[in-house]
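Take a look at the structure below.
The values are calculated or read from the model by the stated rules, or taken from the named source; none is laboratory data. Only a predicted model underlies this, so the values are computations on that prediction, with no experimental measurement involved. Neighbour counts run over all protein chains shown; Cβ positions are idealised from the backbone, glycine included. Just the protein is used for accessible areas: all its heavy atoms, side chains included, with ligands, DNA and RNA removed. Shrake-Rupley method; radii C 1.70, N 1.55, O 1.52, S 1.80 Å.
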Amino acid sequence: MFDPSVTIFDSTQYQLAESPLWHPVLNTFFWVDINKKLLLSKNIHSESQLKTVSMPDTLSAIAWIDEQHLLLCTSTGLYKYHINSTTRHLILNIENTQLNRRSNDGRADPWGGFWLSTMDVNAKKGDGKIYRYYKRQLKAVVSGLSIPNGLCFDKPRLRGYYCDSLTSCIYVLDLDEQTGEPCAEPRVFYQFNNMDVDPDGCVTDKLGNLWLAVWGMGCVMCLSPDGALIKTIKLCAIKPTCAAFGGKNAELLLVTSAFDEAINNTVSEQGAVFQISGIKNGQFEPPVLL
């Protein structure tokens, strides 16, 4: 397949780095620190410094809209965010009156929609939900989860994926060819035997392979569309959180991670952002259509 080369993209020890996103128009990499309420960005093809923007609420997921705007998913709702001015405008509120709730994962789908998950702040079992925002309407599509993660899409196979980290399971949904709406009940795609391992953020490549950050296992796994393990790439951080393709030709896999206080603090890579070079079939994330 390929011989991966893992390096450090950003050595900062983030508390909970998440939602990596490569903006293909700006050639800029964005990600968040959920615990610190930060939006971070860096253009890796220039000498520009890391840009950090503080948010008034918990920011957990992002997508790109156009050259000037991102979509932000926070604990209060969805926002259209102007990248240069750092101003944002509310699109709609989501569970904003429930203080025990927060947003978690999120990703654009190939039909122009945006999927997002919410959960109890203490990961109460069965309280997690997944929503889809499409053509100015918000619809709940999955409920009864605990820590909903891993939202990603395979349009050629008309599939949507998600994880429930608490049950160590990855699920797959069949999607409508025209609208991208779920058209069948979810089914199990991959079940970890070790229930202490949590599948976290995922992304799919052009071949439909699933690239999964495995929290607690310190690696990224690549699974075929049939659920067969193709490759495991070890990282120096025990809690990788999510992956995204980036670079000029989507030849990089950028992986965020979380800081683990239980690990010896001399292991400085905990919470860092990693860069895996040599990806052969990466693809950029589609924009959200508002």
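So which of LYS234, LYS239 ends up being basic (Lys, Arg), buried (at least 19 other Cβ atoms within 10 Å of the Cβ), under 26 Å from SER268 (Cβ atoms) and out of contact with any helix residue (DSSP H, G or I) (no Cβ under 8 Å at 6 or more places or on another chain)?
On the way: LYS234 fails: buried (at least 19 other Cβ atoms within 10 Å of the Cβ).
Testing whether each residue is basic (Lys, Arg), buried (at least 19 other Cβ atoms within 10 Å of the Cβ), under 26 Å from SER268 (Cβ atoms) and out of contact with any helix residue (DSSP H, G or I) (no Cβ under 8 Å at 6 or more places or on another chain) leaves just LYS239.
Kindly establish whether VAL214 is out of contact with any helix residue (DSSP H, G or I) (no Cβ under 6 Å at 6 or more places or on another chain), under 13 Å from ILE170 (Cβ atoms), open to solvent by less than 80 Å² (accessible area, probe 1.4 Å) and of a type in the set (A, V, I, L, M). If you could, list the steps in order and put the result at the bottom.
Numbers: out of contact with any helix residue (DSSP H, G or I) (no Cβ under 6 Å at 6 or more places or on another chain): yes; under 13 Å from ILE170 (Cβ atoms): yes; open to solvent by less than 80 Å² (accessible area, probe 1.4 Å): yes; of a type in the set (A, V, I, L, M): yes.
Taking the combined requirement at face value, the residue satisfies it.
Could you check, for the range 192-208, whether at least one of its residues is out of contact with any Gly (no Cβ under 8 Å at 6 or more places or on another chain), open to solvent by less than 70 Å² (accessible area, probe 1.4 Å), among the small types (Gly, Ala, Ser) and free of Cβ contacts under 8 Å to residues at least 24 places away in the same chain? Spell out the reasoning first.
Filtering the range 192-208 down to residues out of contact with any Gly (no Cβ under 8 Å at 6 or more places or on another chain) leaves 192-195, 203-204, 207-208.
Adding the requirement that they be open to solvent by less than 70 Å² (accessible area, probe 1.4 Å) leaves 192, 203-204, 208.
Those still in the list that are among the small types (Gly, Ala, Ser) too: 208.
Checking the rest, the ones that are also free of Cβ contacts under 8 Å to residues at least 24 places away in the same chain come to none.
There is no residue in the range 192-208 that is out of contact with any Gly (no Cβ under 8 Å at 6 or more places or on another chain), open to solvent by less than 70 Å² (accessible area, probe 1.4 Å), among the small types (Gly, Ala, Ser) and free of Cβ contacts under 8 Å to residues at least 24 places away in the same chain.
Quick one: in the range 217-231, of everything that is within 19 Å of GLN283 (Cα to Cα) and touching a Ser or Thr at 6+ places or on another chain (Cβ under 6 Å), which residue is surrounded by the most Cβ atoms within 10 Å (Cβ to Cβ)?
In the first step, residues of the range 217-231 are kept if they are within 19 Å of GLN283 (Cα to Cα); the result is 220-225, 230-231.
Still in the list and also touching a Ser or Thr at 6+ places or on another chain (Cβ under 6 Å): 221, 230.
On the way: MET221: 19, ILE230: 13.
Residue satisfying both the conditions and the ranking: MET221.
Select from the range 55-80 the residues that are more than 17 Å from ALA17 (Cα to Cα) and touching a residue at least 24 places away in the same chain (Cβ under 8 Å) and write down the one among them that is most open to solvent (accessible area, probe 1.4 Å).
Per the stated criteria, the residue is GLU67.
Which one is most open to solvent (accessible area, probe 1.4 Å) among residues in the range 147-168 that are outside any strand (DSSP E or B) and at pLDDT below 95? If you could, list the steps in order and put the result at the bottom.
Going residue by residue through the range 147-168, those that are outside any strand (DSSP E or B) are 147, 155-158, 165-168.
When the remaining residues are screened for being at pLDDT below 95, the result is 147, 165-168.
Values: ILE147: 37, SER165: 5, LEU166: 79, THR167: 45, SER168: 0 Å².
Step by step, filter the range 147-168, then rank; the result is LEU166.
So which of GLN283, GLN275 is open to solvent by 10 Å² or more (accessible area, probe 1.4 Å), closer than 16 Å to ARG107 by Cβ and either within 16 Å of the chain's Cα centre (by Cα) or hydrophobic (A, V, I, L, M, F, W, C) (or both)? I'd like the intermediate steps shown before the answer.
Working: GLN275 fails: closer than 16 Å to ARG107 by Cβ.
One residue alone meets the criteria, GLN283.
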